[in-house]
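Asks: My questions will all concern the structure given below.
Laboratory data are not the source of any read-out in this text; all were calculated from the coordinates shown. Treat the numbers as computed from the prediction; the structure is a model and nothing was measured. No Cβ is skipped: glycine too gets one built from the backbone with ideal geometry, and neighbour counts run over all protein chains shown.
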Amino acid sequence: ALAWKMLLSPNAGFINQFFIDHFGFSGPIFNIYTYYGISGVEIMYLFPFVFIQVCGALERMDPTLEESARISGAGLFTITRKITIPLVLPSILSGALLIMLYSMAHFGTVAVLGIENGIYNIPTLIYERIHQSGGSFDAIRTGTVLATVLVVTAAFIIWLQRKILGSGHYQIIGGKSFRPMELKLRGLRYPLLIFCLAYIAFTILLPTAVIFLVGSLKTYGLSFALSNLSLDNYKFILFDYKVTRDAIFNSVTLGFTAAVITMFAGVMISYVIVKMKVRGKGILEFLGMLPFSVPGSVIALGVILAWSGQFGINLYNTVWIILVAYIARYMAFSLKANSAALEQVHDSLVEASRACGATMWQSLRDVVL
């Protein structure tokens, strides 16, 4: 959001200024401070959620299914519609679910690009109410009601996904990895390559380069001429400023620890949700997804209230309370990624393992994982 603000701001955006200086425009041609501008930044930011999950599903898919359909005379459109899309549908829906939940509870982009222009979502509205009132009880109560709207919406989205996936089976019977079938693009090869490179350059390289270059400017507002650039800012922040070193250490340590814990816990919970016939597993999935559907500030407040000693354990003012918040907030990533993968593993593989004398843990370790 900060990068695109510097690029497409109507008054001082670098892209707008470039068009005004070199093409004779009388005013800015882009305005990032609009609903469409905010939506565009959100799309570019959230694109990897679906990409990572669908890419993994396509890599796990048995190419013989598509090859058999092609031998039977089916065209590319028919194969894609009747075989490929149904098999990766759990991953598509999982990514879409994460995107919808995250965008509803996302604070940063709308806070940077929307608040000053009167564009709000629920998290920024909660922040605005509490900030303007100095943290009064009425504002906190209003924020709680608004957060409840997100919770109810999240429950509906999760129910809808289970309803769609429950109407069909999307599994592959096989215990080995596969080499995906490659499509012959022929004349589309170079146009698609150019499209992919252009997308990467526009959505990743351009904003990243702007952030780095602006950080290198001796004074904000100067041009990007070499005489105006310096690495002194980075030298001070990275090597001379002790708070930065502490922050990097905390981020890496907390991130790695939270990732390991959510990975193992997510596998186990996903296995219960997808593969085991137990009552209440829908509630378990909802509880795992719930923290992801509410703003991080609400999660932080809840963690403080729950782990401040009122229920026996006091983690307040320690680094561990941040770890608890991370695990609660991002467990949804592990649940949806693992659930989408488990949807593709046929139950007969585990049943065959159990029939050969393997325990449930051995089957999980040697077959499912």
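Asks: Working from Cα positions, state the angle (0 to 90°, nearest 10) between the long axis of helix 296-306 and the longest principal axis of the chain.
Replies: 70 degrees
Asks: Can you tell me the orientation of helix 14-23 relative to the chain, as the angle in degrees between its alpha-carbon axis and the longest Cα principal axis, to the nearest 10?
Replies: 70 degrees
Asks: Just give me a number: lysine pairs in the chain, eight or more positions apart or cross-chain, with C-alpha atoms less than 26 Å apart.
Replies: Counting lysine pairs in the chain gives 20.
Asks: Once you mark the trypsin sites (Lys or Arg not before Pro) that are in a DSSP loop and have at most 13 other Cβ atoms within 10 Å, what is the longest gap between them in the chain?
Replies: On the way: sites that count: K176, K184, K218, K277, R279.
The longest such stretch corresponds to 1-175.
Asks: Counting other beta carbons within 10 Å of each Cβ, put T244, T262, T359 in order, fewest first.
Replies: Working: T244 13, T262 22, T359 10.
Going from least to most buried by this count: T359, T244, T262.
Asks: Here's something else I'd like to know. How would you classify region 80-136 from its alpha-carbon gyration tensor, with a ≥ b ≥ c the square roots of the eigenvalues: rounded for a/c under 1.5, else prolate if a/b is greater than b/c, otherwise oblate? Working shown, then result.
Replies: On the way: a/c = 6.15, a/b = 3.32, b/c = 1.85.
Prolate shape, in that a/c is at least 1.5 and a/b is the bigger ratio.
Asks: If you don't mind, another one. Summing +1 for each Lys or Arg and -1 for each Asp or Glu, what net charge is found among the other residues whose Cβ lies under 9 Å from the Cβ of Y33? Walk me through the numbers on the way to the answer.
Replies: Numbers: positive: K5; negative: E116.
Neighbour charge sum, excluding Y33 itself: 0.
Asks: With a/c under 1.5 counting as rounded, go ahead and sort the chain into rounded, prolate or oblate using the C-alpha gyration tensor (a ≥ b ≥ c being the square roots of the eigenvalues; past the cut-off, prolate if a/b is larger than b/c, else oblate). Numbers along the way, then the final one.
Replies: Details: a/c = 1.89, a/b = 1.26, b/c = 1.50.
It is oblate, given that a/c is not under 1.5 and a/b is not larger than b/c.
Asks: Additional query: Report the Cα-based extents of region 248-366 along its three principal axes, largest first, to the nearest Å.
Replies: Cα spread of region 248-366 along its principal axes, largest to smallest: 52, 32, 26 Å.
Asks: Roughly what angle does helix 206-216 make with the longest principal axis of the chain, taking Cα atoms, 0 to 90 degrees, to the nearest 10?
Replies: Taking the Cα atoms of the chain, the angle to 206-216 is about 40 degrees.
Asks: Name the residue, out of A265, A325, A306, whose mean-square fluctuation peaks in a Gaussian network model built on the chain with Cα pairs under 10 Å.
Replies: Top of the fluctuation ranking is A306.
Asks: For region 1-149, take N as its residue count and report Rg(C-alpha) divided by 2.2 N^0.38 Å. List each step's numbers first, then the result.
Replies: On the way: Rg = 22.3 Å, N = 149, 2.2 N^0.38 = 14.7 Å.
Against the compact-globule rule of thumb, the ratio is 1.51.
Asks: Moving on. For region 1-80 and region 326-369, compute the distance between their C-alpha centroids and round to whole Å.
Replies: 33 Å
Asks: Please tell me the relative contact order of the chain in percent, rounded to the nearest whole number, where contacts are Cα pairs under 8 Å and at least six residues apart.
Replies: Details: 352 pairs, mean separation 72.1, N = 369.
Value for the chain: 20 percent.
Asks: So, one more: What are the chymotrypsin sites (Phe, Trp or Tyr not before Pro) within region 282-369 that DSSP puts in a loop, where the Cβ has at most 16 other Cβ atoms within 10 Å?
Replies: F311, Y316
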